[in-house]
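Q: Starting off with a structure, shown below.
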Amino acid sequence: MAKKIPNTISCGPLGAHRIAMSTTTVQKHCLETPLLKWASALGWAGVLPFVVLLALGWSGPQDALLRPFALGLLSAYAALIAAFLGAIHWGVALARPLENWRLQRAALLWGVTPGLIALGCLVMPRAWGLLALALVMLLARAMDGLLWPGYARAAHVAECPDAERWSRLAAAWLQLRTRLTAAVVLCLAAGWVSLHFQAS
């Protein structure tokens, strides 16, 4: 059954936060499904460059320029993705202000951290930089596991009408993040092995 949503939604008992809504009628789960499908499709599309660059890194003779060039691009792309994963939290904090300043501050601080750590990984020796970037990806997933449930709880505490939807989206996003992180970490680890294989 369609649910009527007012043009302005008040979050919290005093209506401290108001979010303008352009959609007036929403059916149950109708917003989550396309959003999650697009997120999943684009997420896995983002894994493809890791796979392609890894394959190039394993191909060709050891003295060719292709292998170090491909693995260098693999490191740079991983750093770019790490920065993106942090920036998502800035988007949440700025687009969805909730009555929890500590959570918002944690989101903003963590949002800039993966990119800075990844930048340091780029100046490390290539092999260890790839390994460090794999650890950054694992750390980003661990922080998502801490922050996203916090966003959902904050929505419930603020009594937002769409708090249940927020919880469902957070849970689905974390499941997708786990799969994507596993694929990316495997690619980076394989790149690290490739450099050791090349050296031997």
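The values are calculated or read from the model by the stated rules, or taken from the named source; none is laboratory data. All values derive from a computational prediction rather than experimental measurement. Glycine gets a Cβ as well: all are built from the backbone with ideal geometry, and neighbour counts include every protein chain shown.
Q: What pairs can you find where one residue is in segment 114-133 and free of Cβ contacts under 8 Å to residues at least 24 places away in the same chain, the other is of a type outside the set (A, V, I, L, M) and surrounded by fewer than 18 Cβ atoms within 10 Å (Cβ to Cβ), and their Cβ atoms are less than 8 Å apart, with a gap of 6+ or different chains?
A: Going by the 8 Å Cβ cut-off, the qualifying pairs are Ala132/Gly120.
Q: Might you let me know whether segment 153-164 holds any residue that is closer than 30 Å to Leu48 by Cβ and either at pLDDT below 90 or of a type in the set (A, V, I, L, M) (or both)?
A: no
Q: Considering only segment 74-97, I want to know if a residue exists there that is out of contact with any Cys (no Cβ under 7 Å at 6 or more places or on another chain), under 26 Å from Ala152 (Cβ atoms), at pLDDT below 90 and not in a helix (DSSP H, G or I).
A: Scanning segment 74-97, I find at least one residue that is out of contact with any Cys (no Cβ under 7 Å at 6 or more places or on another chain), under 26 Å from Ala152 (Cβ atoms), at pLDDT below 90 and not in a helix (DSSP H, G or I), so the answer is yes.
Q: Does segment 161-171 contain any residue that is surrounded by fewer than 15 Cβ atoms within 10 Å (Cβ to Cβ), of a type in the set (D, E, K, R), under 30 Å from Pro68 (Cα atoms) and without any contact (Cβ under 8 Å) to a residue 40 or more places away in the chain?
A: No, the conditions are met nowhere in segment 161-171.
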